[in-house]
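What follows is a set of notes on a single structure, which appears directly below.
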Amino acid sequence: MSTSSAYAHYTTGDPVVDTRAPEGPIAERWDKRRFEARLVNPANRRKHTVIVVGTGLAGGSAGATLAEQGYHVVQFCYQDSPRRAHSIAAQGGINAAKNYRNDGDSVHRLFYDTVKGGDFRARESNVHRLAQISVEIIDQCVAQGVPFAREYGGLLDTRSFGGVQVSRTFYARGQTGQQLLLGAYQALSRQIAAGNVEMHPRTEMLDLIVVDGRARGIVARDLITGKIDTYFADAVVLASGGYGNVFYLSTNAMNSNATAVWRAHRRGALFANPCFTQIHPTCIPRTGDHQSKLTLMSESLRNDGRIWVPKAKGDQRPPHEIPEDERDYYLERIYPSFGNLVPRDIASRAAKNVCDEGRGVGPGGQGVYLDFADAIERMGRAAVEAKYGNLFDMYQRITDEDPYRVPMRIYPAVHYTMGGLWVDYDLQTTVPGLFAIGEANFSDHGANRLGASALMQGLADGYFVLPATINDYLARHPRQGEVGPEHPVVQEVLAETEDRMHLLLAVDGDRTPDSFHRELGELMWEFCGMARTESGLRKALERIPQIREEFWRRIKVPGTGEEFNQSLEKANRIVDYLELAELMCLDALHRAESCGGHFREESQTPDGEAERKDDTFSYAAAWEFTGTGTAPVLHKEDLVFEYVHPTQRSYA
Amino acid sequence: MKLTLRVWRQRAADTEGAMSTYEVDDISPDMSFLEMLDTLNEDLILRGEDPVAFDHDCREGICGACSLVINGDAHGPERTTTCQLHMRSFADGDTIDVEPWRASAFPVIKDLVVDRSAFDRIIQAGGYITAPTGSAPEAHATAVPKPDADFAFEHAECIGCGACVAACPNGAAMLFTSAKVNHLNVLPQGAPERETRVLDMVARMDEEGFGGCTLAGECATACPKGIPLVSITNMNKEWLRATRKAGKR
Amino acid sequence: MARTVWDSSVGKKTVMAVSGLIMLAYLVVHMLGNLKIFFGSAEFNGYAHWLRTLGEPFLHHEWALWIVRVVLVAAVVAHATAAYQLSRRDIRARPTKYVHTRRRASYATRTMRWGGVILGLFIVWHILDLTTGTVHPNGFQSGHPYQNVIDTFSTWYGNVIYLVAMLALGLHIRHGFWSAAQTLGAGSRTRDRALKAIANVLALVLTLGFVSVPVAVMTGVVS
C-alpha cells in the first residue's frame, strides 16, 4: 500500500555528531570532560539566569543545584506545586552500583546491563557516566533525608529488580519516586526561600525563544490568569518529561505533555528516536470508554503470579470454572526457561498476541489473567499478603475484585518514552544554550529502559551532569546582548503563541478536545503501539493529517484565554501531539528493524522474536523539523560500541 | 447509574460562587469520581457551557493534586484520594455535593480549584535538610535504626493534598506540618536543624492563616495516606523542646 | 521565650494545657474537700476554717488561700484568653462554611468552646454565691459554709446551674485532659488508651464527686 502522505518522504541530511564526549578510556571520560569544561567565576554566576522547565526529578534537582552554585534560576511547572511532578508516581526503585551486597556489582556491570538492556541503541559514553554517578546519587539522597528502606542493622536495603542478577535497587517501599522527588523538591524549596530560585507554578511553557541561534528564553502562560508572558535567560533547560500521553491512555499523569519539547523541536532542536516507547506489561486493564488513564502495578508481581488465558477463543466462563487443561500459560509454554519473567517488551507483546487471537479476558477481551492461586497454595496467603499486599489492595480498590480469590486481569500500557530531544554528552540539544534532561532527552536508555533506571537518570542529569556541563556553555558565552520583550524575534514568537490560542478558541466547532485526543491515542495504540507494521504505520501517517485537519475545523474550546481554562490547556497540548504522533510513526516506519520497545513485525526471527539489524540501524535517528506536515530531515548519529559488543537477545 | 450533582461553581477568585445542579446519566460503577466529572464536562463543553474546573494529575493517588469535598468529606466516603474513589461507592439516584477545600489559607481560584501554595511556603520555611549537591558523605557512613527509618517513611508519605486542612473544623495545617517535621527530625541527617525547623515551620503555618489544633482528629480520619493524629503530638513535643533550647541560648 | 510561646498557636495551646492542668489539680482537691460535707457541719466548717489557717505560722492568715486564688485566677485568665484568641483564629481560618456539613468528632470535642464559656460563667456565679455571698439566696453567713451550701441547693435554680455546669465540666475534662497531654507532647501510640482512660476516669470521678453534694441536699441525706 502506498501512502499519499508527503510526510513519509523524508530526506537524510548530514550526520549528527556528539563532539563533547572526550576520547580515551571510557571510565576517565567524565573526569576529563569536567576538567576541560570552563568554569564561571562564582561571583559572576548570579548575573546568569537559567530557565528550568519542569520540577520532576531532573528539573527539581537541577534547579536546586544550579541555585546552590549561585546561578539565578527561574523555574516553571504546570502543576500547582513543584512537588506534584509525575516522577512522584514511580514505584519500584533506583539503581546504583554501590555493591553493598558484595554480589559482584560494579559501575562497569551497571553500564553493561544498561547498554544491553537498551538493545544497543544508546551512546556508550553517556551510559557509563550514568553508572558512575549512580553511586553519588544515593549518598546525596540519604543526606537529604530520603527514607530509603533499611535493614535491622540500620544500613540500606536493596533488592533485585527487572530481571538483573544483582541487588542494586534502592527503594522506599513502593513509593521510591515520591520520596526522591520530595527530596529534590525540598532542596528546591530551600533555594526558593533563599531567593535563588524564582518559582512559577501553574505556568506552562508554550514556546522557545531563539535569538541569533541561541536559546534565550521561553513563552509561558500563567494558567490562572491566562496571561501569556515572555521570560529571558542565558540558557534554557527542559526537564518536562516524556510524551507517552500521545497515546491518550498511558500511565503518565493526565497533564504530562510534550509541548515544551515539541516547541523546542520546532525551533530547531533535533528529536531523536521518537518511536522508542516502553510498554509496561502489568497494568490494570481499561474498563470502558470512560477510562482516562491506566494504572501500573509493579512488575514484581510476575515473580510469583502465573499468566494465562483460556485455550479456546471467546471463552466467557469465569476463571475458576476453566479447568487446568483448558488454560494456556502462554509465557511458560513459549519461553520455558524464563517463563513469566521474560523482559517487559516480550511479555507485553505476547499478551497482545493472545488477545488479538480472541482469547483475551475481561471487558472487551483486552486482558490476561495474572493468577496467584498457586502462589497462595505454595506460600500461604499470609506470605503473599506480606509481599504484595499493597498492590493487591490497589487492584481491589480500582477493580472491586479480590485478587486473593479471583485472578487479576492485566494488560500492557504505555509507560515511558526512551526517545526525546537529541543531546550531546553535555546534555545540550542542537540549539546552543538549550539543554534537555531526564525523560525529555533521548540519551541513556537506547531502545528500552531497564526497571529502576529512570529515577537514576533523572537525578544524575539534574544533580550532577547538567550543573557541571552548563558552566562550560555559560563561560564560553558570557553576557550575550540583552534580549527583551521588544526584540522583534520575541514579538514574533509571542504573537504566534497568542494567535494559536485565539485560533483554538475561535473555531467553536462541535468536538471536545478529549474526543480528538482519544481518537489519536487509539490510532497510535493500534498502529504505533506494541507491534508495528509498515502498512499500519503508513495508514497512521495518512490518517494523522486528516485528524489534524478535522481538529482545526471542529474543535470546541469554551471560555476565553484570559482565565483559568483547562479545556484550552488540553486543546493546545493536542495540537502538539498531532504533530509529534506523525514523527513517531515516521520514525517507526523508517526503522525497519525490531529493537527494544520497537517491534516491527517484518523483522523477526523464525521463532517470532525481535530481530535487530545492526548493519543498517546502529544509529540514533535525530529528526529535523521542516514544517507542519512536511517531511522532516533525518540526521543519523552512528553508534560505536567499543566496550559492550552487540549480541542478539534470546529468552527462549 | 443516574446521579444528581450539586457542584460549587465560582468563575474566579474575586467573584461570588454558588452550588449548581447537574444531572449525569450512564455513569458506570467502574468509573472513578473524576472520570464521572470528565463525563459531565464533555457534556458541558458540547452544550457550550463552562466545564467544571478541578485539580487532578496522576490519578493514581500519589501526586496530591485532586482535592474535592464530597458530601462533606474531604476526598469522599472512602479513605483514599478523590481520584481513587470509584462510583460504586454511590448508589443510583444519589445526590452528591461537591465542594472545594475550604480554608482562608486555600483561596478558591476557580470552581473546585484552590491555591495551596501556603503548603509550599511552610516547606520553604524549614521542611528540608541543608545538604547541597556534592556535599554528601558516603550513604553508609551513618546507620539509621530501622524503627527510625520506618517512622520517617510513614510521615514522609504525606502527599500534600490538603485534606487535613479541609477536614479540620478549624482549617488547621497541623497534620501536614507535623508530617514533615517528624520525617526530618527523627533522622540523624536532620538533627542539626531540628530546632529551627520546627519553630520556623510552625511560625510560617501560623502566618499563613491556618487555624489552631483542637485535636478533633478529623485530619487523621481524612488523610488518604494514614498519617496518624499522634504525629501532631510529636510535633508539639519537638516544638516545646526547641522552644526550651532556644530560651537557653 | 514567653513571647515566642504566646505568639504561636502551638504555644498558646501549651498555655491552655498547663493552665488547664493547674485547674484540674485544684478541682481534684476541691472535690475531695467538698465530700467532707457528708461528715456533718462541724467537720465541713472546720475544714473551711483550716484552709484559712493553712501554712501558719510561716504564712500570715489566709495567705495560702490567696496564693491559690491568685494562681487560679491567672490560670483562668490565661486559659480563657488563649482560648478566645485561638477560637478567633480558627473561625477566621474558615470564612466560608461547607454547604454539606457532616460531624464526626465526639460530642466532648465539639463542645469545648461552649462548655468553656458555660464553665467561665459558672465560676463567676459560684464565687458570687458561695465566696462573696453577693447572689446567695438566703442571707450569706461568712464562716458557715455548710449552711450556705444547703441554702444554695435548696433552690431549684441553684441545682440546675450547678448540675449543668458539672456536666459541662465532665465533658470539658474528658477531651481537655487528653488534649493537654497531646499538646504537651506526652501522648504516644502506646500510651493513647491509657491517657483516654485516665481522662474518662477523671471526668467521671470529678463530675460524680461534685454532683453528689446537691443530690445529697436534694434527697435530704445532707441537711
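The values are calculated or read from the model by the stated rules, or taken from the named source; none is laboratory data. Since the model is a prediction, treat every value here as computed from it, not as a measurement. Quick reminder, even Gly has a Cβ in these numbers, built from the backbone with ideal geometry, and neighbours come from all protein chains shown.
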Filter the range B:97-153 for residues that are more than 8 Å from chain A (Cβ to nearest Cβ), in contact with a strand residue (DSSP E or B) (Cβ under 7 Å, 6 or more places away or on another chain) and hydrophobic (A, V, I, L, M, F, W, C); the one that is farthest from B:Ser20 (Cα to Cα) is B:Phe106
Out of the residues in the range C:137-192 meeting the condition of being crowded, with 18+ Cβ neighbours inside 10 Å and part of a loop (DSSP other than H, G, I, E, B), tell me which one is farthest from the other protein chains (Cβ to nearest Cβ). C:Phe140
Looking only at the range C:73-93, decide whether some residue is among the small types (Gly, Ala, Ser) and under 30 Å from B:Ser20 (Cβ atoms). yes
Cβ-Cβ below 8 Å, separation at least six or inter-chain, first residue in the range C:106-126 and among the hydroxyl-bearing types (Ser, Thr, Tyr), second surrounded by fewer than 18 Cβ atoms within 10 Å (Cβ to Cβ) and at pLDDT 95 or above: which pairs? none
Does the range A:326-337 contain any residue that is at pLDDT below 90, in contact with a Phe, Trp or Tyr (Cβ under 8 Å, 6 or more places away or on another chain) and surrounded by fewer than 16 Cβ atoms within 10 Å (Cβ to Cβ)? yes
Restricting attention to the range A:179-197, does a residue exist that is within 11 Å of chain B (Cβ to nearest Cβ), more than 21 Å from the chain's Cα centre (by Cα) and part of a strand (DSSP E or B)? yes
Restricted to the range A:264-280, and to residues that are more than 16 Å from the chain's Cα centre (by Cα) and buried (at least 24 other Cβ atoms within 10 Å of the Cβ), which residue is farthest from the other protein chains (Cβ to nearest Cβ)? A:Leu270
Give the range A:99-124 a look and list any residue that's assigned to a loop (DSSP other than H, G, I, E, B), buried (at least 20 other Cβ atoms within 10 Å of the Cβ) and out of contact with any Pro (no Cβ under 6 Å at 6 or more places or on another chain), or say none. A:Asp105, A:Gly118, A:Asp119, A:Arg121, A:Ala122, A:Arg123
One residue from A:Gly59, A:Gly104, A:Gly93 being more than 19 Å from A:Tyr231 (Cα to Cα), in contact with a strand residue (DSSP E or B) (Cβ under 6 Å, 6 or more places away or on another chain) and away from chain B (no Cβ under 11 Å): A:Gly93
C:Thr53 vs. criteria among the polar types (S, T, N, Q) and buried (at least 16 other Cβ atoms within 10 Å of the Cβ): no
Every residue in the range B:128-145 that is of a type outside the set (Val, Ile, Thr) and either at pLDDT 95 or above or at positive phi (or both), please. B:Tyr128, B:Ala131, B:Pro132, B:Gly134, B:Ala136, B:Pro137, B:Glu138, B:Ala139, B:His140, B:Ala141, B:Ala143, B:Pro145
Within the range A:341-359, can you find the residues that are farther than 13 Å from A:Arg306 by Cα and either in contact with a Leu (Cβ under 7 Å, 6 or more places away or on another chain) or surrounded by fewer than 19 Cβ atoms within 10 Å (Cβ to Cβ) (or both)? A:Ala350, A:Asn353, A:Asp356, A:Glu357, A:Gly358
Taking the range A:211-236 and the residues there that are assigned to a strand (DSSP E or B) and basic (Lys, Arg), the one that is surrounded by the most Cβ atoms within 10 Å (Cβ to Cβ) would be A:Arg216
What is the residue count in the range A:34-56 for residues that are hydroxyl-bearing (Ser, Thr, Tyr) and in contact with a strand residue (DSSP E or B) (Cβ under 6 Å, 6 or more places away or on another chain)? 1
Might you check whether a residue that is farther than 17 Å from A:Arg302 by Cα, at pLDDT 95 or above and either surrounded by 16 or more Cβ atoms within 10 Å (Cβ to Cβ) or outside the structural domain of A:Gly314 (by TED's automatic domain parsing) (or both) occurs anywhere in the range A:365-383? no
For the list (1) more than 25 Å from the chain's Cα centre (by Cα); (2) touching a residue at least 40 places away in the same chain (Cβ under 8 Å); (3) over 24 Å from B:Ser28 (Cα atoms), I need the number of the one condition that A:Val342 fails. (1)
List the residue pairs whose Cβ atoms are under 9 Å apart, where the first residue sits in the range B:5-18 and is acidic (Asp, Glu), the second is surrounded by 14 or more Cβ atoms within 10 Å (Cβ to Cβ), and the two are 6 or more positions apart or on different chains. B:Glu16/B:Gln10
Report yes if A:Gly362 is surrounded by 13 or more Cβ atoms within 10 Å (Cβ to Cβ), within 14 Å of chain B (Cβ to nearest Cβ) and in contact with a Lys or Arg (Cβ under 9 Å, 6 or more places away or on another chain), otherwise no. yes
